[in-house]
Amino acid sequence: MPSNPLHILRVNARELLRQPGMTRQIHADLDATDLGVQDDRVAGVIDVEFEAVSSIDGIVVTGSISTPWRVPCRRCLTEVVGTARIAVDEVYRDDVGDADAFQIEGDQIDMAPAVREYVLLELPDAPLCRDDCAGICPICGIDRNQTSCECDTSARDDRWSTLDRLRLDDD
């Protein structure tokens, strides 16, 4: 029977809470599908580095998540690659009176849902390959970053052509 790769993201909360100041290091290299992230933008292993520290009234989890991504440029469709680096600072408590805290359920805290949420929120939706990307010509389809064309790409909507004849009296 294969072991659950997400087991590393579960922390025994009762053990930590017995002694305030107790620390647990968590390091995991996770596959996106193991986390339930089925997104083509994820381009590799999701690296998780956490430190869970118990306090008098809960557990503070700090650290980082790093995930490589690959997305086509929104203008020219050239592949853009990068790495999302996410800082994590979460609090887990038995009694959640604070909207920013997570509930300790049973005797464990499960950080997998938080990791999944952080990754999905940080992946870019429509990046550019560069700030001055010229995109693809809508007429001939060439990449205008690599070559130029003489196509007329001025947008015209014939429904508004009557307004072209309108002359306003500015006197």
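The values are calculated or read from the model by the stated rules, or taken from the named source; none is laboratory data. All figures in this text were calculated on a predicted structure; none of them were measured in a lab. We place every Cβ from the backbone using ideal geometry, glycine too, and count neighbours over all the protein chains shown.
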### Summary
Per the filter on segment 10-28, residues surrounded by 14 or more Cβ atoms within 10 Å (Cβ to Cβ) and either among the hydrophobic types (A, V, I, L, M, F, W, C) or over 30 Å from the mean Cα position of the chain (by Cα) (or both) are Val11, Ala13, Leu16, Leu17, Met22, Ile26, Ala28
### Message
So, in segment 81-100, exactly how many residues are under 23 Å from the mean Cα position of the chain (by Cα) and more than 21 Å from Val119 (Cβ to Cβ)?
### Response
1
### Summary
The condition from (1) touching a strand residue (DSSP E or B) at 6+ places or on another chain (Cβ under 7 Å); (2) outside any loop (DSSP other than H, G, I, E, B); (3) at pLDDT below 95 that Pro113 misses is numbered (1)
### Query
Within the group Val81, Val61, which residue is within 30 Å of Cys129 (Cβ to Cβ) and assigned to a strand (DSSP E or B)?
Val81
### Query
Filter segment 126-141 for residues that are free of Cβ contacts under 8 Å to residues at least 40 places away in the same chain and surrounded by fewer than 15 Cβ atoms within 10 Å (Cβ to Cβ); which is nearest to Leu35 (Cα to Cα)?
Arg130
### Query
What residue, among those in segment 122-147 that are among the charged types (D, E, K, R) and in a loop (DSSP other than H, G, I, E, B), is farthest from the chain's Cα centre (by Cα)?
Arg144
### Pair list, Cβ under 9 Å, 6 or more apart: segment 24-43 residue in a strand (DSSP E or B), other residue among the polar types (S, T, N, Q) and buried (at least 19 other Cβ atoms within 10 Å of the Cβ)
Arg24/Ser54; Val42/Thr67
### Query
Within segment 94-107, restricting attention to residues that are among the charged types (D, E, K, R) and more than 18 Å from Leu9 (Cβ to Cβ), which residue is surrounded by the most Cβ atoms within 10 Å (Cβ to Cβ)?
Asp94
### Query
Got a sec? Which of Thr62, Thr162, Thr67, Thr78 is in contact with a strand residue (DSSP E or B) (Cβ under 9 Å, 6 or more places away or on another chain), hydroxyl-bearing (Ser, Thr, Tyr) and farther than 30 Å from Arg10 by Cα?
Thr78
### Message
I'd like to know if segment 28-40 contains one or more residues that are within 18 Å of Glu122 (Cα to Cα) and touching a Ser or Thr at 6+ places or on another chain (Cβ under 6 Å).
### Response
no
### Query
Out of all the residues in segment 44-62, is one or more over 23 Å from Arg116 (Cβ atoms), in contact with a Lys or Arg (Cβ under 9 Å, 6 or more places away or on another chain) and buried (at least 18 other Cβ atoms within 10 Å of the Cβ)?
yes
### Residues that are in a strand (DSSP E or B) and either closer than 30 Å to Arg24 by Cβ or in contact (Cβ under 8 Å) with a residue 60 or more places away in the chain (or both), drawn from segment 64-78
Ser64, Ile65, Ser66, Thr67, Pro68, Trp69
